[in-house]
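The values are calculated or read from the model by the stated rules, or taken from the named source; none is laboratory data. Just so it is clear, the structure is predicted and the values come from calculations on it, not from any experiment. Every residue, glycine as well, gets a Cβ built from its backbone with ideal geometry; the counts of neighbours run over all protein chains shown. SASA here: full protein model, heavy atoms, side chains in, ligands and nucleic acids out. Shrake-Rupley method; radii C 1.70, N 1.55, O 1.52, S 1.80 Å.
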Amino acid sequence: MALLDAGRLEEALTAFDRVLHSNPRAAAAHFNRGSVLTDLGRATEALADYDRAIAIQPRFVDAHVGRARTLAKLRRPKDAFRSIDTALALSPNAPEALEARADLLREQGRAAEAASVYERLLALDPENSGALNNRGIVLQDLRRLPEALAAHDAALRIDPASAEAHTNRGLALTSLGRYGEALACHERALRLDPDSVAAQLNEATCRLMLGDFPNGWKQYESRWRNPWWVGTQGFYGQQAFDRPLWLGDAPVAGKRIFLHPEQGLGDTVQFSRYAEPLARAGATVLLEVQPQLRALLQGMRGVSELSSVGEAVPAHDLHCPLMSLPLACGTTLETIPLPQGYLRPELAYPEKVEHWRGRLAANGRHRVGVVWSGNAAHRNDANRSIPFQQFAPLLSERHDFYCLQNEIRQPERQAVKRQSHLTTLRTDLADFADTAALIANLDLVICVDTAVAHVAGAMGKPVWLLLPADPDWRWLVDRGDSPWYASMRLFRQSAPGDWMGVIESVRGELEAFGRA
């Protein structure tokens, strides 16, 4: 146990092996050995030790909890909940079991349930700084931001040296629009724990949001040291390539450089702009994209070869993830390439553009494309999507409106059908190339933060982007335009959740647009 507490895990494992050699039925030794194996990342072996401990001592609450946490690591949440339920049946107020249940609920995205369990745990143990910190996280997910900040403050009063609590407090402050204070929190977290990948990444996005590109892009590379990020966001870890990673440290002239996606569809559209300047620098650019974007990006200037994720990687000399290109190219706010636009549907697939020109009404009214909601599974969906009931006041008889989103949520479908000035075309939009061809025939796009905003901006089409009070870092702060897209205007919430204020502002501008 002393070796375990000292972090000398391999020695601790050897010591527990010796204990179990002497007494194979020592349930506590099996449990502790499982804890060591868990810390070593050997979850399957750890599970076997917890099972042995429970077989010897069926009412061993800590072993049931350890088993549950290990099953969660193995992505078996249903089995994990069963183990936690067993632990709580044996000891209903066991703090470790309550905390494990709350943590698993949080990981499963069941924030309201998790908050309730954390509150129950804190009623039993008000000084549990870890539970306070995690309660703050779920309160942020529930958009109960002042309460979240208060929870992190309480955690730090108990444990002021917690780097995790400082950086989570920074995230709460970011959501409240207090960016300078948020940055100070992330900096404090890194002073306490210089190796904290979460703090590094949070500081990076905070700096990018504040426009500090030189430092922000550099720190943003810390994402590759975050196992969660690579496992859930990235198509590739950098180790997947046998050719060198290019971060601007060598000339690209005469080289074949392979650019590959790592995050969402909008990110790929936004950062594919770097293909053209790299080609102008003498590189042969090989661009890989998600299959949904292949038709959209075909014929893109600067790209010598376009491929889809899942196909064989072409021979190349260098590679670079798309979102590392701003660092590699030394991008500042003033040097963002091609803000005027870089997608030309009328050149890449003119037949599609002509098809939509013939489909749309020619009545003299402005044609406006709209998107009010994105992917419901997106972790930030509740923050960035607008309920249709709140969005609908924009749909006046002055204009013809066209729905550019493929999915309309079931509870909203009848309300959408009742809108006489809104045409839904989701069955006719087979891919993003169809969407782009349709946008080419529109006068304006109004949308929330989804891939469609990037497509319209990359085409140089007027696009009005509706943003929450705490938007993604790429939209910066306190400005109504975007340096990434010259044709884009930003309409921001003045307070978290205040979409009606945004809609009223857009309505006024839309009336003026109609008179233009």
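Details
- Conditions (1) under 25 Å from L297 (Cβ atoms); (2) touching a strand residue (DSSP E or B) at 6+ places or on another chain (Cβ under 7 Å); (3) open to solvent by 20 Å² or more (accessible area, probe 1.4 Å): number failed by N406: (2)
- Subset of the range 3-17 that is within 36 Å of the chain's Cα centre (by Cα) and among the hydrophobic types (A, V, I, L, M, F, W, C) - its residue that is surrounded by the fewest Cβ atoms within 10 Å (Cβ to Cβ): A6
- Filter pass, L20 being aliphatic (A, V, I, L, M), buried (at least 21 other Cβ atoms within 10 Å of the Cβ) and at pLDDT 90 or above: no
- The residues of the range 409-427 that are under 22 Å from G358 (Cβ atoms) and surrounded by 13 or more Cβ atoms within 10 Å (Cβ to Cβ), listed by number, are H421, L422, T423, T424, L425.
- Selected residue [modelled with pLDDT of 95 or more, of a type in the set (K, R), closer than 29 Å to E107 by Cβ and in contact with a helix residue (DSSP H, G or I) (Cβ under 9 Å, 6 or more places away or on another chain)] from R191, R225: R191
- Residue satisfying condition, being in a helix (DSSP H, G or I) and either at pLDDT 95 or above or not polar (S, T, N, Q) (or both), within set F258, F271: F271
- Those residues of the range 172-193 which are of a type in the set (A, V, I, L, M), under 17 Å from A204 (Cβ atoms) and open to solvent by 10 Å² or more (accessible area, probe 1.4 Å), in sequence order: L183, A184, L190
- From the list A161, A115, the one residue that fits, being open to solvent by 60 Å² or more (accessible area, probe 1.4 Å) and of a type outside the set (S, T, N, Q), is A161.
- Among the residues making up the range 438-455, those that are more than 21 Å from the chain's Cα centre (by Cα), surrounded by 24 or more Cβ atoms within 10 Å (Cβ to Cβ) and within 20 Å of Q292 (Cα to Cα) are L438, I439.
- Residues in the range 268-325 that are more than 22 Å from F241 (Cα to Cα) and open to solvent by less than 10 Å² (accessible area, probe 1.4 Å): V269, Q270, R273, L293, L296, L297.
- Sub-6 Å Cβ pairs linking a first residue in the range 244-258 that is in contact (Cβ under 8 Å) with a residue 60 or more places away in the chain and under 11 Å from A279 (Cβ atoms) to a second residue that is open to solvent by 40 Å² or more (accessible area, probe 1.4 Å) and aliphatic (A, V, I, L, M), at least 6 apart or interchain, are V252/A281, ordered by first then second residue.
- Residue among L132, L122, L149 that is in contact with a His (Cβ under 9 Å, 6 or more places away or on another chain), part of a helix (DSSP H, G or I) and either modelled with pLDDT of 95 or more or of a type in the set (A, V, I, L, M) (or both): L132
- Across the range 40-71, the number of residues qualifying as under 32 Å from the mean Cα position of the chain (by Cα), touching a residue at least 12 places away in the same chain (Cβ under 8 Å) and part of a loop (DSSP other than H, G, I, E, B) comes to 1.
- No other residue among R110, R169 is out of contact with any helix residue (DSSP H, G or I) (no Cβ under 7 Å at 6 or more places or on another chain) and surrounded by 15 or more Cβ atoms within 10 Å (Cβ to Cβ) apart from R110.
- Scanning the range 87-100 for residues being open to solvent by less than 60 Å² (accessible area, probe 1.4 Å) and assigned to a helix (DSSP H, G or I) gives a total of 8.
- The residue of the range 57-73 that is surrounded by the fewest Cβ atoms within 10 Å (Cβ to Cβ), among those that are under 10 Å from L47 (Cα atoms) and of a type in the set (A, V, I, L, M, F, W, C), is L71.
- Identity of the residue in the range 194-227, of a type in the set (S, T, Y) and part of a helix (DSSP H, G or I), that ends up most open to solvent (accessible area, probe 1.4 Å): T205
- Looking only at the range 480-508, and only at residues there that are in a helix (DSSP H, G or I) and small (G, A, S), the one that is nearest to D443 (Cα to Cα): G508
- Taken together, the residues in the range 307-332 that are of a type in the set (S, T, N, Q) and in contact with a strand residue (DSSP E or B) (Cβ under 7 Å, 6 or more places away or on another chain) amount to 2.
- Check on R76, under 29 Å from R33 (Cα atoms), open to solvent by 60 Å² or more (accessible area, probe 1.4 Å) and among the basic types (K, R): yes
- Residue check for D39: at pLDDT below 95, under 22 Å from R101 (Cα atoms) and open to solvent by 20 Å² or more (accessible area, probe 1.4 Å): yes
- Qualifying residue in the range 335-343 (condition: at positive phi, in contact (Cβ under 8 Å) with a residue 12 or more places away in the chain and open to solvent by 10 Å² or more (accessible area, probe 1.4 Å)): yes
- Counting the residues of the range 247-267 that are open to solvent by less than 40 Å² (accessible area, probe 1.4 Å) and closer than 30 Å to R379 by Cβ gives 9.
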